[in-house]
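Asker: This is the structure I have questions about; it appears just below.
The values are calculated or read from the model by the stated rules, or taken from the named source; none is laboratory data. A quick note: this is a predicted structure, and the numbers were derived from the prediction, not measured. No Cβ is skipped: glycine too gets one built from the backbone with ideal geometry, and neighbour counts run over all protein chains shown.
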Number of protein chains: 2
Amino acid sequence: MSTIRTNARVLYEFTAEAGNNELSVKEGETLTVTNKVKIALNPTWVTYSTMSVFVLFVACVFSKVKTFFYHLQASNGNDPWSTWNSNNNWPSNPEGTQTGKSAADPWNSQMQAHPQAYQGPGKNMTSLNMFSMSRFPGFSKPGPELFLLCKQLVKGKDKIPVYVSEVGPVWLYPESQLDCVVADPKKGSKMYGLKSYIEYQITPNTTNRPVNHRYKHFDWLYERLLDKFGSAIPIPSLPDKQVTGRFEEEFIKMRMERLQGWMIRMCRHPVISCSDVFQLFLTYKDEKDWKMGKRKAEKDETVGVMIFTTIEPEAPDLDLLEVEQKCEQFSRFTKAMDDGVKEILTVGHEHWKRCTGPLPKEYQRIGKAFQNLSSVFTSSGYQGEATLTDALTEAGKTYEEIARMFAEQPKKDLHFLMENNNEYKGLLGCFPDTIGVHKAAIEKVKEGDKLVAASKITSQEKGAMAKRVSTMSYALQAEMNHFHSNRIYDYNRVMQLYLEEQVKFYETIAAKLRQAHSQFTTM
Amino acid sequence: MSTIRTNARVLYEFTAEAGNNELSVKEGETLTVTNKVKIALNPTWVTYSTMSVFVLFVACVFSKVKTFFYHLQASNGNDPWSTWNSNNNWPSNPEGTQTGKSAADPWNSQMQAHPQAYQGPGKNMTSLNMFSMSRFPGFSKPGPELFLLCKQLVKGKDKIPVYVSEVGPVWLYPESQLDCVVADPKKGSKMYGLKSYIEYQITPNTTNRPVNHRYKHFDWLYERLLDKFGSAIPIPSLPDKQVTGRFEEEFIKMRMERLQGWMIRMCRHPVISCSDVFQLFLTYKDEKDWKMGKRKAEKDETVGVMIFTTIEPEAPDLDLLEVEQKCEQFSRFTKAMDDGVKEILTVGHEHWKRCTGPLPKEYQRIGKAFQNLSSVFTSSGYQGEATLTDALTEAGKTYEEIARMFAEQPKKDLHFLMENNNEYKGLLGCFPDTIGVHKAAIEKVKEGDKLVAASKITSQEKGAMAKRVSTMSYALQAEMNHFHSNRIYDYNRVMQLYLEEQVKFYETIAAKLRQAHSQFTTM
């Protein structure tokens, strides 16, 4: 393996943390890097510059297919959101083919209906996806035409129906909802202990029989789901891969919590939860079963835009204008919600920092000041002031307790609000691609007359395209309605939890202060 | 009148505020000043350097006796404590004779029993006091010798007795406590409206008949009390004189509140409240009565250390060792309490700034973020999410309310804690002088044998001195016990008030959040 040497100039300072395998760099320094190394900066870092939170992603792309992400992050105490804004803005981009796009706001590129939108979930098409692409020699990159002009639709049990309910088109929901518990992370090892990893136990409510999976299995599942459903259903990214500190308890706990959140979201989805690949992941019987299932899933041909061949709306076709209006509406809404969610994350992050930083320090100083005054008073030599000095000491200790309460509170409430919004941020980040596929299809159908005139398609094919874009629209509407109903539930739930904990917090402070108050007397 | 020009080099930067008649200066700049101008910086400014609160006192001493204080203060919003640490560290020093001392910590100079301590309350001896000084040609500045060696003690009704109670020596407390209300500030004018001033109405509980006084009358009373009692009783300074913005409502209200506090403290003092000059101030019948009383008070000869001639302890003489130990104990205690009080003021000042600055801003941003998300949700076009969006909007508004509550809270609780500690800081700042008189007297008595040997005093006089220092000690102990009992009452009261308001504050927040919580539903 030959070594490539490149010089890179450092654009932003980064201070390494001891023991994290990180490198401190100063602005303007030149680094010599071996192999192909991409150094980029989170586009939203500017918001955080005053907080001295600098996040660098160094993606080292080695020869062959193998890809590693080095996620160097500046640790910020217990605040897991110090790197939030970076986590999901960076689509996994192992081939580095879309550097220009990935550095920009994914919403902007989507809004302009740029050529890459024709790639459908192009950037998600990893090298593993080359199988499916190679089977369609007419399309170097699969666009919506693949579906709009395809001859045969899927029949039988693989059909995904769309019904029309009072809220509009909806997926078919299973009678009982699939659920699973991710728990019991265990350290395992391979190659005589040379390689170690964490294995999680996943127990679905259907079989109640636990299966074990490593993070890389989750990642495999994610890739399969993205491949298969990504054009119709936004598949949220998994929690970040992380190279350093992988075995720290805190990290494992957080990753498990997020994998649990991801799994619940997948279980809740009527289409995903019923899919063979998802069922395999949750219920494989043994290693052989798993291996066979894996091979079968990787050979699945109904991927990319071809998923729409399985969708069967039980409703009359929609006209193009309506299809377009719906698509525009979803595009506007998801963009607006993405902004709203990011605002909450930014504000929440700052609140987290204040609650764990300056506020406890201040309440502690207040507490210390009261206690110091109490000590001074004790030294007065004057009789009968024990009541006052005891009360002052207690008041001081109460403020020290309040300091601790402030520092601990975000973990109890803000944490869940942040996790929920972070999950939605991830989910919303998938919409530009999903919506992009639809916009590209709409544009194609609009070109119908021109294509017929140019004899590129027959007028029969033009009619079929209009019908198929209607199918796509039903799928998108069903998905949006699924999203809305989940969103309403999730935000109600997380706000309830947040406010409940906030009420408890302020009530506990009030009770503690009431107790401290009762010690003083002016009798 | 000739003009004196002096060059002064600026030691600390000061940024002027528009309209306040201030001058921006930079470190190292040279200023040419006419007349005698003293520019000094609060020795405790270092604590505030990070807050960018710079306070400069420019005392311009004009020819003749007339003295003006230009108190240039950097305004800091509604926080009246931005200049606290400066207000009382600067003893009024109209003659500018003790520049070296006044720039240093008054406690340090006292601790060293420096020669100036012999001046007794020397720095308080203004030019108005020259009358009394001129009558003792043997002493260029009156020290404790004046009392230690004086021939005759006061007799009759002017006697101030000291009793011994279970807590030790105490003043004689009147049966009913004097009290007064300072209210109804009115703008008055003189010289056909050319000169305007504020007149306050003071109503004592004894006559229930209001009298009117301007600030300068309070100042006159303060000077009289300081003159007469300052060696035995610490007389706290009046609230600051202020040249700019004298007629602003906020300033008048604050000054009135502080004048009220000062008057209550004087009323509560058994010796001061019974004095002729204090009674005159509260109960003069008409202008003529006031003028006559004024003249009489200004002619009072029992001033400075001579106040001790009126004190009559009803207890056996104390030996010098005990006198000295008590004095040392009071010195240590008042110094320690001064530190404790200043710590509370510093911490409280920072807390005030946080509660009125960054905290409300943050809660407002949280509130806005919730409301923005609610607007986005409203635009979804999805049916039946009004419950969520209404709840989110209400939660957002609740956090905006919490923001306002945080900003308003310090005025309701911290304000009184600060006022109380500020009052005590002022009071404690008087102790070094009062204790200094005692230390000087003790030193004098210790020199007794030497003075007898040198034939400077007779051995009879030496005996009288020992007796008189015992009298002084009884007075000091009575005063300390008065101070302790007031202190215990005041701190109990202010802590009760503070904690009560804090409890209300947190309970109100909890109730508001509980209401917001009830709007969310996961049914």
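Asker: Which residues, taken from segment A:430-468, are of a type in the set (A, V, I, L, M) and in contact (Cβ under 8 Å) with a residue 12 or more places away in the chain?
Answerer: A:Ile435, A:Val437, A:Ala440, A:Ala441, A:Ile442, A:Val445, A:Ile457, A:Ala464, A:Met465, A:Ala466
Asker: Follow-up. Looking at segment B:247-255, is at least one residue within 30 Å of B:Arg468 (Cβ to Cβ), in the same structural domain as B:Glu298 (by TED's automatic domain parsing), in contact with a strand residue (DSSP E or B) (Cβ under 9 Å, 6 or more places away or on another chain) and not polar (S, T, N, Q)?
Answerer: Checked against the condition, which is being within 30 Å of B:Arg468 (Cβ to Cβ), in the same structural domain as B:Glu298 (by TED's automatic domain parsing), in contact with a strand residue (DSSP E or B) (Cβ under 9 Å, 6 or more places away or on another chain) and not polar (S, T, N, Q), segment B:247-255 yields no hits at all.
Asker: Out of segment B:353-375, which residues are more than 7 Å from chain A (Cβ to nearest Cβ) and touching a Gly at 6+ places or on another chain (Cβ under 9 Å)?
Answerer: Once the filter is applied, which keeps residues that are more than 7 Å from chain A (Cβ to nearest Cβ) and touching a Gly at 6+ places or on another chain (Cβ under 9 Å), segment B:353-375 yields B:Lys353, B:Thr356, B:Gly357, B:Gly367, B:Lys368, B:Phe370, B:Gln371, B:Ser374, B:Ser375.
Asker: Of the residues that make up segment A:283-301, is at least one of a type in the set (Val, Ile, Thr) and within 25 Å of A:Leu146 (Cα to Cα)?
Answerer: Looking through segment A:283-301, none of the residues is of a type in the set (Val, Ile, Thr) and within 25 Å of A:Leu146 (Cα to Cα).
Asker: So, in segment B:373-382, exactly how many residues are over 14 Å from B:Glu394 (Cβ atoms) and either part of a helix (DSSP H, G or I) or in contact with a Cys (Cβ under 8 Å, 6 or more places away or on another chain) (or both)?
Answerer: Total satisfying the criteria: 1.
Asker: So how many residues does segment B:326-380 have that are farther than 21 Å from A:Leu373 by Cβ and among the aliphatic types (A, V, I, L, M)?
Answerer: Here the count works out to 5.
Asker: Taking the stated definitions as given, is B:Tyr489 among the hydroxyl-bearing types (Ser, Thr, Tyr) and either on the phi > 0 side of the Ramachandran plot or surrounded by 19 or more Cβ atoms within 10 Å (Cβ to Cβ) (or both)?
Answerer: No; evaluated as a whole, the condition is false for this residue.
Asker: Evaluate segment A:502-517: report whether one residue or more is within 14 Å of chain B (Cβ to nearest Cβ), at pLDDT 95 or above and within 30 Å of A:Tyr163 (Cβ to Cβ).
Answerer: no
Asker: Within segment A:299-340, which residues are under 25 Å from B:Val376 (Cβ atoms), among the charged types (D, E, K, R) and away from chain B (no Cβ under 14 Å)?
Answerer: The answer is A:Glu324, and nothing else.
Asker: Among the numbered conditions (1) modelled with pLDDT under 85; (2) basic (Lys, Arg); (3) assigned to a loop (DSSP other than H, G, I, E, B), tell me where B:Lys157 comes up short.
Answerer: (3)
Asker: When you check A:Glu343 against the structure, is it more than 11 Å from chain B (Cβ to nearest Cβ), closer than 23 Å to A:His484 by Cα, in a helix (DSSP H, G or I) and among the acidic types (Asp, Glu), yes or no?
Answerer: no
Asker: Right, B:Gln477: crowded, with 17+ Cβ neighbours inside 10 Å, within 30 Å of B:Ile160 (Cα to Cα) and touching a residue at least 12 places away in the same chain (Cβ under 8 Å) or not?
Answerer: Spelling it out, B:Gln477 is indeed crowded, with 17+ Cβ neighbours inside 10 Å, within 30 Å of B:Ile160 (Cα to Cα) and touching a residue at least 12 places away in the same chain (Cβ under 8 Å).
Asker: In segment A:379-429, which residue that is free of Cβ contacts under 8 Å to residues at least 40 places away in the same chain and touching a Ser or Thr at 6+ places or on another chain (Cβ under 7 Å) is nearest to B:Asn486 (Cα to Cα)?
Answerer: Looking at residues that are free of Cβ contacts under 8 Å to residues at least 40 places away in the same chain and touching a Ser or Thr at 6+ places or on another chain (Cβ under 7 Å), I get A:Thr389.
Asker: Follow-up question, since we're still on this one. Filter the helices (runs of 4 or more DSSP H) completely within segment B:212-299 down to those with at least 1 residues that are touching a Leu at 6+ places or on another chain (Cβ under 6 Å), more than 21 Å from B:Glu423 (Cα to Cα) and in contact (Cβ under 8 Å) with a residue 60 or more places away in the chain.
Answerer: Answer list for segment B:212-299: B:276-283.
Asker: Give the residue that is surrounded by the most Cβ atoms within 10 Å (Cβ to Cβ), with candidates limited to residues of segment A:394-436 that are out of contact with any Pro (no Cβ under 9 Å at 6 or more places or on another chain) and of a type in the set (Gly, Ala, Ser).
Answerer: A:Ala395
Asker: Across segment A:468-501, which residue is nearest to the other protein chains (Cβ to nearest Cβ) among those that are basic (Lys, Arg) and within 22 Å of the chain's Cα centre (by Cα)?
Answerer: My answer is A:Arg493.
Asker: Here is a further query. Does A:Tyr192 qualify as being at pLDDT 95 or above, in a helix (DSSP H, G or I) and of a type outside the set (Asp, Glu)?
Answerer: Judged against the criteria, A:Tyr192 is not a match.
Asker: Determine, yes or no, whether B:Met337 is within 26 Å of B:Gln477 (Cβ to Cβ), in contact with a Cys (Cβ under 8 Å, 6 or more places away or on another chain) and in contact (Cβ under 8 Å) with a residue 12 or more places away in the chain.
Answerer: no
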